[in-house]
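What follows is one structure encoded as structure tokens, with my remarks underneath.
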Amino acid sequence: MTWLVTGGAGYIGAHVVKAMLDDGQEVVALDDLSTGDRSRVAAAPLVEGSVLDRALLDRTMSEHGVTGVVHIAAKKQVGESVADPLLYYRENLSGLVTLLEACRAAEVGSFVFSSSAATYGLPDVDLVDEETPGVPLSPYGETKLIGEWLTRDCETAFGLRTMSMRYFNVAGAAAAELGDPGVFNLIPLVFQALAAGERPKVFGGDYPTPDGTCIRDYVHVADVAAAHLTAARALASGAASATYNIGRGEGSSVLEVLQVIGSVTGLDTAPLVVDRRPGDPARVVAAVDRIHAGLGFTAARGLPEMVESAWAGWQLRHG
Ligand code: WQD
């Protein structure tokens, strides 16, 4: 069975490619290199191009005998999606439609879809389970929820079995050279502030949480990749479609993350508490019972390992 991993040269995609290769899976990566880096995919064939290119998809699936797809290629910046929704609808939805058409033509039967906790919007529950209503707040989150609906309809129409993986807050790296080059999320933004000799900003200190700062479920990218491998193997063995949260089932506040960053880097992470960021929920923590029961999966790595590996990647990229 050969798997096509779209976005395979990106931060998360390269970790998925690595996990699947380490497991002995046959993999071909596809990436338009808009944010991906060819050097991340040294051990698998890399096809340069977009999921919007139907002819390229058909050729790639035929030449490599693709029978399964792990679809990670997408735009994923919440703020950017608000400013440019049509970019997100084109890349994340038209791209998905084109890929699904190619899957139907090539009789691909197994599809692992990169979804997001952003599909939930502002969940007002202690632990967010997969039945929590999806009320996304951004075009990014909307494209992920609609994407889940598209794959479900394709199963009804032509039997494509899909596992939708809702990522919570992904961080860390399996190796320094695979670290996240993007500076859009909390941990790299703190590194950037410290590197500039500035105090890290905390967006709001008056939330209804124990220390007043937002709580999120941080999950190591190597665990996210392991969950994708587990889902792919399950689909290859005939497992039914499912939707899974990918998280640790535990929350960490912004101040707790800053404390770990201070311990790991030895730097002073005393923050500058500023106004709340619009649209931020106080707490978003995954219920992870379903993926444990359905796939036997539990995230293994904790926050210190995420921060240590993210810091190693930052230092490698920034000296
Ligand atoms: C985390 C917390 C901020 C920066 C992400 C993305 C996306 C999605 C879900 C996959 C928030 C606070 C941040 C800073 C801060 N995952 N913060 N100072 O907003 O939870 O959303 O997770 O699709 O990756 O949508 O992640 O890293 O932006 O923020 O205080 O300089 O840190 O307010 O509470 P978020 P984030």
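Kindly provide the set of residues from the stretch 88-107 that are buried (at least 20 other Cβ atoms within 10 Å of the Cβ) and either out of contact with any helix residue (DSSP H, G or I) (no Cβ under 6 Å at 6 or more places or on another chain) or among the acidic types (Asp, Glu) (or both), ordered by number. Those that are buried (at least 20 other Cβ atoms within 10 Å of the Cβ) and either out of contact with any helix residue (DSSP H, G or I) (no Cβ under 6 Å at 6 or more places or on another chain) or among the acidic types (Asp, Glu) (or both): Glu91, Gly95, Leu99, Cys103.
Is it fair to say Phe203 is modelled with pLDDT of 95 or more, aromatic (Phe, Trp, Tyr) and near the ligand (Cβ under 9 Å from one of its atoms)? Answer is yes for this residue. Any residue that is over 24 Å from Arg283 (Cα atoms) and either in a loop (DSSP other than H, G, I, E, B) or free of Cβ contacts under 8 Å to residues at least 40 places away in the same chain (or both) - is there at least one of those in the stretch 222-235? Looking through the stretch 222-235, none of the residues is over 24 Å from Arg283 (Cα atoms) and either in a loop (DSSP other than H, G, I, E, B) or free of Cβ contacts under 8 Å to residues at least 40 places away in the same chain (or both). When restricted to residues that are assigned to a loop (DSSP other than H, G, I, E, B), closer than 17 Å to Ser114 by Cβ and out of contact with any helix residue (DSSP H, G or I) (no Cβ under 6 Å at 6 or more places or on another chain), the stretch 1-24 contains 1.
Within the stretch 85-108, how many residues turn out to be among the hydrophobic types (A, V, I, L, M, F, W, C), within 20 Å of the chain's Cα centre (by Cα) and farther than 15 Å from Asp153 by Cα?
Result for the stretch 85-108: 1.
One line per residue, one yes/no per condition, for (1) closer than 18 Å to Gln192 by Cα; (2) away from the ligand (no atom under 16 Å from the Cβ); (3) assigned to a strand (DSSP E or B):
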position	(1), (2), (3)
Ile261	yes, no, no
Val264	yes, yes, no
Asp280	no, no, no
Gly294	no, yes, no
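The combined condition, being within 16 Å of the ligand (Cβ to nearest atom) and either touching a residue at least 60 places away in the same chain (Cβ under 8 Å) or within 16 Å of Ala29 (Cα to Cα) (or both), is fulfilled by Ala117. Among the residues of the stretch 39-63, those that are surrounded by fewer than 17 Cβ atoms within 10 Å (Cβ to Cβ), out of contact with any Lys or Arg (no Cβ under 9 Å at 6 or more places or on another chain) and within 21 Å of Leu229 (Cα to Cα) comprise Ala42, Pro45. A single member of Glu148, Glu155 is in contact with a Ser or Thr (Cβ under 6 Å, 6 or more places away or on another chain) and surrounded by fewer than 17 Cβ atoms within 10 Å (Cβ to Cβ), and it is Glu155. Filtering the stretch 56-76 to residues that are of a type in the set (A, V, I, L, M) and within 22 Å of Gly159 (Cα to Cα) leaves Leu57, Met61, Val66, Val69, Val70, Ile72. Among the residues of the stretch 66-94, just one is within 20 Å of Glu48 (Cβ to Cβ), away from the ligand (no atom under 16 Å from the Cβ) and among the small types (Gly, Ala, Ser), namely Ser94.
The values are calculated or read from the model by the stated rules, or taken from the named source; none is laboratory data. No experiment lies behind these values; they were computed from the predicted model shown. Note: ideal-geometry Cβ built from the backbone for every residue, glycine included; neighbour counts use all protein chains shown.
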